[in-house]
Amino acid sequence: MTEVHPRHAGYRVARRLRGLRSVRGWRRIADALAPFGLEAPFRVTNGSVVFEGNVSSFVDREIYLFGQYEHDAIAMFLAMVPPDRRRVAIDVGANIGNHSLAFSQNFSVVHAFEPNEMLWTQFQRNMAINGKTNVTLHRVGLGQQSGTYPFYLTEKKNYGLGTFSSAEQYDAPLRQVGTFRVEQGDAYLDAQRINDVDAIKIDTQGLEAEVLAGLGATLARTRAGEGDELGHVTAQQV
């Protein structure tokens with residue numbers, strides 16, 4: 001697949017030097033070479049993964065410049081899951097699919113939950129170009145109670161900051177961008193017949209406790225190993 005790069009030369013230089021990302025001070029140099037605010041689509045191959053995005057978005061920019069986003073957190077997450085207990089992973093707060101793509105290479109099935117409708121097209125596109133047929137996108141959030149709730153972002157082009165919480169938690173004020181759907185976790189998984197859950201990743205910008213509360217029965221059932229040997233669940237907030 002042909003790669004597409006921003007015309008800005010500094011972006012291309014920074015990406016070619018991404019092997020230096022672990023060198024102290026390199027991020028400041030990369031930021032100087034590739035200034036924030038550029039609007040430019042891209043398509044690149046990072047290892048075995050093809051990714052399409054726009055460098056105007058924070059997460060996309062990280063993936064373009066450094067070839068990864070939260071790589072260490074993902075590696076830590078996977079290290080906690082025994083290789084023989086990698087049946088089903090749940091990605092709550094899936095965003096554009098960065099984590100789901102990584103999980104798809106390590107689990108038999110991935111169920112991704114993302115309520116923000118502005119991200120669905122890109123998520124599905126990145127699964128499609130990588131041929132990921134074991135990833136299912138659920139266009140809802142998970143929580144303790146079902147309902148339709150206000151959803152907030154900041155003025156920054158970072159959809160990863162999206163939240164159902166109205167509490168000011170960033171260096172820029174929140175603004176409501178819509179109302180999106182949340183489903184009670186246990187009830188939704190039961191209705192969708194999602195079983196054999198071995199790992200749950202949660203990134204919901206302040207509402208992780210509500211997500212876990214809504215999945216209480218799922219966690220208890222898996223740990224008890226209903227119909228199976230003793231289960232193992234890895235649940236991690238990132």
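The values are calculated or read from the model by the stated rules, or taken from the named source; none is laboratory data. From a predicted model like this one, the values you see are computed outputs, not experimental measurements. We place every Cβ from the backbone using ideal geometry, glycine too, and count neighbours over all the protein chains shown. With ligands, DNA and RNA removed, areas are computed over all heavy atoms of the protein, side chains included. Shrake-Rupley method; radii C 1.70, N 1.55, O 1.52, S 1.80 Å.
Amide H of G162 versus every other amide H placed in the peptide plane: which residues, excluding those fewer than 5 positions away on the same chain, fall under 5 Å?
none
What accessible area per residue, rounded to a whole number of Å², is obtained for segment 55-124 using a probe radius of 1.4 Å?
Roughly 34 Å² per residue, with all protein chains present.
Mind ordering 194-201, 16-23 by average Cβ neighbours within 10 Å, highest first?
Sorting 194-201, 16-23 by mean packing, highest first, produces 194-201, 16-23.
How far is it, in nm, from the label point at T121 to the one at S48 when both lie 7 Å from their Cα along the line to the Cβ?
3.0
Starting from the Cα gyration tensor of the chain, multiply each eigenvalue by 5, take the square root, and state the resulting semi-axes largest first in whole Å.
31, 22, 16
From the helices alone, meaning DSSP H stretches of at least four residues, give me the mean residue ellipticity at 222 nm for the chain, per-run term -39500 (n - 2.57), in deg cm²/dmol to the nearest 500.
Value at 222 nm, helices only: -8500 deg cm²/dmol.
Give me the one-decimal nm value for the distance between modelled label points at D31 and V140, 7 Å along each residue's Cα-to-Cβ direction.
4.0
I'd like to know which of G143, S56, V88 lies farthest towards the positive end of the charge dipole of segment 1-148, counting +1 on Cβ of Lys and Arg and -1 on Cβ of Asp and Glu.
Result: S56, furthest along the dipole toward the positive end.
So how many Å³ per residue does the convex hull of the Cα atoms of segment 72-138 work out to?
Normalising the Cα hull of segment 72-138 by residue number yields 76 Å³.
What's the extension gain from F58 to V177 if we count 0.36 nm per residue and subtract their Cα-Cα distance?
Difference between extended and current length: 41.0 nm.
I need the phi-derived Karplus couplings for segment 78-86: 6.51 cos²θ - 1.76 cosθ + 1.60, θ = phi - 60°, integer Hz, Gly and Pro marked x.
So the J values, rounded to whole Hz, are 5, 5, 8, 9, x, x, 8, 10, 10.
For segment 61-172, treating each Cα as an identical point scatterer without solvent, what Debye log10 I(q)/I(0) comes out at q = 0.16, 0.23, 0.24 1/Å?
-0.83, -1.40, -1.44
Using Stokes-Einstein with the Kirkwood hydrodynamic radius over Cα pairs, what translational diffusion coefficient do you get for segment 21-106 at 37 °C and a viscosity of 0.692 mPa s, in µm²/s rounded to a whole number?
Translational diffusion coefficient: 228 µm²/s.
Treating the angle as unsigned and between 0 and 90°, give the value, to the nearest 10°, between the Cα long axis of helix 120-129 and the longest Cα principal axis of the chain.
80
List the residues, sorted by chain then number, that are 5 or more residues from H8 or on another chain and whose placed amide H is less than 5 Å from its amide H.
none
Tell me the carbon and sulfur percent of the accessible area for the chain, rounded to whole percent, probe radius 1.4 Å.
51
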